[in-house]
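J.: First the structure, then my questions, so here it is.
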Amino acid sequence: MPKLIPIPCLRRAMMVFFASMGVPLVWSIGSLIFTVTVRPLPVWVSISGSVGMVLIGAGALAYMLLRVRPLSQRAKARGGMVCIECAYDLPDEDTGRCPECGRDFTRDENRHLWNVHN
């Protein structure tokens, strides 16, 4: 079964994004359960949770825009010759090994994974 996001360096960025979005979600659900089952929370707790949720969400979105999008654009500009494991710029060869992480690569595989069509 193919992986949803086949490029490991992008997969890590997506994990950071979704993990950082999980924190405010857990906070909101926890405060809701506590309010309903135990006792109402003070207003400052609800406000701090909402502000935290907005800040963490904005930070996660900024991370995605600043990390993932430029990486995809760089890979397309280089014809797919960016290592899918560590995002190192690869030499312009048909096959080889990444000097940074040691992963074997082929030009066709990289073009396919980065979705570069020439």
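Throughout, read-outs are computed from the coordinates displayed, never taken from laboratory work. All figures in this text were calculated on a predicted structure; none of them were measured in a lab. No Cβ is skipped: glycine too gets one built from the backbone with ideal geometry, and neighbour counts run over all protein chains shown.
J.: Using a Gaussian network for the chain with springs between C-alpha atoms less than 10 Å apart, which of these wobbles most: Leu61, Leu90, Leu25?
T.: Result: Leu25 has the largest fluctuation of those listed.
J.: Apply the Karplus curve 6.51 cos²θ - 1.76 cosθ + 1.60, θ = phi - 60°, to the phi angles in segment 102-113 and return the couplings in whole Hz, x for Gly and Pro.
T.: x, 6, 6, 9, 10, 4, 5, 5, 5, 4, 5, 5
J.: Classify segment 1-77 as rounded, prolate or oblate from the Cα gyration tensor: take a ≥ b ≥ c as the square roots of its eigenvalues, call it rounded if a/c is under 1.5, otherwise prolate when a/b beats b/c and oblate if not.
T.: On the way: a/c = 6.66, a/b = 2.37, b/c = 2.81.
Oblate.
J.: Can I ask one more? Using DSSP to define loop residues, name the trypsin sites (Lys or Arg not before Pro) in segment 4-75 whose beta-carbon has at most 10 other beta-carbon atoms within 10 Å.
T.: Here no trypsin sites (Lys or Arg not before Pro) fit, given the DSSP loop and packing criteria.
J.: Using +1 at the C-beta of Lys and Arg and -1 at the C-beta of Asp and Glu, which of Ala75, Gly57, Leu113 has the Cα lying farthest in the positive direction of the dipole of the chain?
T.: Going by the charge dipole, the pick is Gly57.
J.: Asp92: net charge of surrounding residues, Cβ under 11 Å, Lys/Arg +1, Asp/Glu -1, itself excluded?
T.: Every neighbour counted, the sum reads -1.
J.: For a footprinting-style exposure proxy, rank Asp108, Asp89 by other Cβ within 10 Å, fewest first. Intermediate values should be presented prior to the final figure.
T.: Values: Asp108 11, Asp89 14.
Ordered by Cβ neighbours within 10 Å, fewest first: Asp108, Asp89.
J.: For helix 43-63, report the angle its Cα long axis makes with the longest principal axis of the Cα atoms of the chain; keep it between 0 and 90° and round to the nearest 10°.
T.: That works out to roughly 10 degrees.
J.: Follow-up. Select from Met15, Met81, Met53 the residue whose mean-square fluctuation is largest in a Gaussian network model of the chain (Cα-Cα springs shorter than 10 Å).
T.: Met15
J.: ³J(HN,Hα) across segment 12-23 via Karplus (A = 6.51, B = -1.76, C = 1.60, θ = phi - 60°), whole Hz, x for Gly/Pro?
T.: Along segment 12-23, the couplings run 4, 5, 5, 5, 4, 4, 6, 5, 6, 7, x, 4 Hz.
J.: Once you charge only the Cβ atoms, +1 for Lys and Arg and -1 for Asp and Glu, what is the size of the charge dipole of the chain about its Cα centre, to the nearest 20 debye?
T.: Values: 13 positive and 9 negative charges, 87 e Å.
Using only the charged Cβ atoms, the result is roughly 420 debye.
J.: What is the chain's relative contact order, in percent, from Cα pairs under 8 angstrom and six or more apart in sequence?
T.: So the answer I get is 25 percent.
J.: If the only charges are +1 at each Lys and Arg Cβ and -1 at each Asp and Glu Cβ, what is the size of the charge dipole of segment 79-118 around the Cα centre, to the nearest 20 debye? Don't jump to the answer; show the numbers that get you there.
T.: Working: 4 positive and 9 negative charges, 18 e Å.
Roughly 80 debye for segment 79-118.
J.: Just to confirm my numbers, what's the Cα centroid distance between segment 7-25 and segment 74-95 in Å?
T.: 23 Å
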